[in-house]
1. Restricting the first residue to segment 70-95 and requiring it to be in contact (Cβ under 8 Å) with a residue 40 or more places away in the chain, which pairs with a second residue that is part of a helix (DSSP H, G or I) meet a Cβ separation below 6 Å and a spacing of at least six or different chains?
2. State whether one or more residues within segment 116-125 are more than 30 Å from Ile368 (Cβ to Cβ), out of contact with any Cys (no Cβ under 7 Å at 6 or more places or on another chain) and not in a helix (DSSP H, G or I).
3. Could we say that Gly300 is under 26 Å from Tyr215 (Cα atoms), modelled with pLDDT of 95 or more and assigned to a helix (DSSP H, G or I) here?
4. State all residues of segment 265-290 that are over 18 Å from Phe221 (Cβ atoms) and under 34 Å from the mean Cα position of the chain (by Cα); if no residue qualifies, say none.
5. Inspect segment 37-47 for any residue being surrounded by 16 or more Cβ atoms within 10 Å (Cβ to Cβ) and part of a loop (DSSP other than H, G, I, E, B) and give the result as yes or no.
6. Cβ contacts < 6 Å: first residue assigned by TED's automatic domain parsing to the domain that holds Tyr131, restricted to segment 193-204; second residue assigned to a helix (DSSP H, G or I) and among the hydroxyl-bearing types (Ser, Thr, Tyr), any location; separation 6+ or different chain. Result?
7. From Leu141, Leu174, Leu155, Leu120, which residue is surrounded by 13 or more Cβ atoms within 10 Å (Cβ to Cβ) and touching a Pro at 6+ places or on another chain (Cβ under 8 Å)?
8. For segment 158-189, what are the residues that are more than 30 Å from Lys134 (Cα to Cα) and in contact with a strand residue (DSSP E or B) (Cβ under 9 Å, 6 or more places away or on another chain)?
Amino acid sequence: MEAYLEPIKVALLVFPFIALLITLPYLIYQYHKFGSVPILRSAIVYTFVLYLLAAFFLVILPLPTREEVALMPTKQPQLIPFQFITDIANHTKIVWNDPSSYLTLIQNPTVYTVLFNIVLTIPFGIYLRYYFEKKWSKVLLASFLLSLFFEITQLTGLFGIYPKAYRLFDVDDLLMNTLGGMIGYGITPLFTKFLPSRKKIDEKSYQKGQEVSFYRRIVAFLIDLFFFFLFFLIGTAFFKDVKHYETMSLILFFLYYILIPILTNGYTIGKFIVKIKLVYKGQKGRVFFLFLRQCLLYLGILMIPNYLTRLRAIETNSVFMGRLINLVIFVLLLCELIFFFQILSSLFGKRKQFSYEKLTKTQNESTIAVNIELQEK
């Protein structure tokens, strides 16, 4: 039993790092398609990733050293279908009219191996039928291909990491893994009877996606930040002098965060990807208030830590200037504190607009409703 538990423990230790790598791409995809990330969908997707990771580790672990593998006898692939039946018959003494002799099956390692290979892919069949809504023929093919991947991994010595195979390629494993996937497909209704269908999950996602959550805005912000720095790095290739970097960043800020939203009716690259846009709710002065909003956020609030650092570095012998600097620092700290509490409020879904948005009569609106109409068509 320990041989099966240890790979699962390793999978649980590795999974947080895998989850960290896939979370941002996953959020981007979900916000782009649905406009929201329901907890149930995320639980299904992440547990599926954890399951695949655990299944892979169960197949390859424990890993021997290269030296140990080099000293192992070369393992020849087992290509005879249902060879396990012969192996079980040869290593067990079953008397068909004596039920007590059946206990010898429990002591046979071959029986454990067969049952393990069946159980290994049962969850795979369940996930494919319930969440991915695959037909039995596709579950059959996918289960076979998953098993083939496992067997090729073993046959190639972990794709060349080892000088030769350290585990046996067995055609019976292919058959039992495929059978396990089909069993999972067949028993799926027993496990998903009280769960909403994939269609219901999607409908709820689209409905929630018509509102703009704070987390969705954060993802858009991170995407825009990535492209801003990407364009900045490209620009540094044309301006070798560091003195020009600040001027270049201001020009780039104007082009990316002000000119693009104005020309595209409220979009930046990040907002376009997660299907939201800036909207001005006033009657006149749209361009001015969009300009003011972006400056308040990106040159004002988000730059406060930088301004505080520069102000504290100023040395002056004037009492008036010293008090003035302290007053400005106090005001900036107060603004930063207010913004911080507004962020906390938004994290719990209690705030729709920030102060700078109310001041400029702007807000983020979802464009995912267009996706619903297209989905219905």
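The values are calculated or read from the model by the stated rules, or taken from the named source; none is laboratory data. Because the structure is predicted, anything quoted here is derived from the model rather than measured. With ideal geometry, Cβ positions are generated from the backbone for all residues, glycine too; neighbour counts draw on all protein chains shown.
1. If the second residue must be part of a helix (DSSP H, G or I), the pairs left are Leu79/Val171; Pro81/Val171; Gln83/Asp172; Phe84/Thr110; Phe84/Val114; Phe84/Asp172.
2. Looking for residues that are more than 30 Å from Ile368 (Cβ to Cβ), out of contact with any Cys (no Cβ under 7 Å at 6 or more places or on another chain) and not in a helix (DSSP H, G or I), one finds at least one in segment 116-125, hence yes.
3. For Gly300, the condition - under 26 Å from Tyr215 (Cα atoms), modelled with pLDDT of 95 or more and assigned to a helix (DSSP H, G or I) - is not met.
4. Once the filter is applied, which keeps residues that are over 18 Å from Phe221 (Cβ atoms) and under 34 Å from the mean Cα position of the chain (by Cα), segment 265-290 yields Asn265, Tyr280.
5. Within segment 37-47 (the criterion being surrounded by 16 or more Cβ atoms within 10 Å (Cβ to Cβ) and part of a loop (DSSP other than H, G, I, E, B)), the answer is yes, since at least one residue qualifies.
6. Every condition considered, no pair remains.
7. Leu155
8. Leu168
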